[in-house]
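The values are calculated or read from the model by the stated rules, or taken from the named source; none is laboratory data. Just so it is clear, the model here is predicted, and its values are computed rather than measured. Positions of Cβ are backbone-derived with ideal geometry, glycine not excepted, and every protein chain shown enters the neighbour counts.
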Amino acid sequence: MTEWEKCMAGEWYDCHAPEFVEAKARASAWCARYNATPYVERDVRRQLLEELLGAVGSNVSVGDNFRCDFGRNIYLGSNVSVNLNCTFVDCHRITIGDDVLIAPCVHLTTASHPVELADRLTPDWQPASGAYRWRTFAKPIRIGNGCWIGANVVVLPGVTIGDGTVIGAGSVVTKDIPANVVAVGNPCRVLRAINR
């Protein structure tokens, strides 16, 4: 398997392999162009989103100071608003449904590392080898239709947030959250159901 295939399979992969370095360089240059484009130039911003992201629905807005790792693993539905200063670490797929609000300073991160030090370190690593010192894996994130993700929320790898759910500001979402609830905290827990 290629390093990219390992990544998408949720296995350990070398995030410094040439295919990742090239994709990150492209996304970094894209972020600079996107964030330098005035917010009022919505048509240009739309073209830029379509150029890099995996999919972009209709009526999508992504605010200033947006950062991503690759871009191509980000799939946005229709009527999506991503506010200022958001970071999407899209080593794996990030899927955001329709009618979703993403508040300022939200971090969606699909990449992680093993907890045990022996697993986290790359065996026989040498500084001059060019290999990455730390073992890395990635898991997808899915945010359902009609969700509102509050300011400064962090969503960790492998998490699914169900349709219609609201995640309170400052929460750290470490595990799946069901549909149609308000969930808050660190770690994020269901506070109450939302009456439909």
Query raised in the report: Which one of ASP64, ASP90, ASP119, ASP99 is among the acidic types (Asp, Glu) and surrounded by 22 or more Cβ atoms within 10 Å (Cβ to Cβ)?
Result: ASP90
Query raised in the report: So which of ALA55, ALA36 ends up being more than 15 Å from ALA138 (Cα to Cα) and over 18 Å from the mean Cα position of the chain (by Cα)?
Result: ALA36
Requested in this report: Please enumerate the residues belonging to the range 121-145 that are modelled with pLDDT of 90 or more and in contact with a helix residue (DSSP H, G or I) (Cβ under 7 Å, 6 or more places away or on another chain).
Outcome: ALA138
Report summary line: When restricted to PRO104, PRO140, the only residue surrounded by fewer than 21 Cβ atoms within 10 Å (Cβ to Cβ), closer than 19 Å to VAL56 by Cα and not hydroxyl-bearing (Ser, Thr, Tyr) is PRO140
Query raised in the report: Across the range 53-67, what is the total count of residues that are without any contact (Cβ under 8 Å) to a residue 24 or more places away in the chain, of a type in the set (A, V, I, L, M, F, W, C) and not in a loop (DSSP other than H, G, I, E, B)?
Result: 3
Query - Residue that is farthest from GLY57 (Cα to Cα) [pool: residues in the range 1-47 that are of a type in the set (Val, Ile, Thr) and either in a loop (DSSP other than H, G, I, E, B) or touching a Pro at 6+ places or on another chain (Cβ under 8 Å) (or both)] - result: THR2
Report summary line: GLU50: passes all of (1) of a type outside the set (Phe, Trp, Tyr); (2) more than 21 Å from ASP98 (Cβ to Cβ); (3) not in a loop (DSSP other than H, G, I, E, B) but (2)
Report summary line: Note on TRP125: of the conditions (1) surrounded by 14 or more Cβ atoms within 10 Å (Cβ to Cβ); (2) over 18 Å from CYS91 (Cβ atoms), unmet is (1)
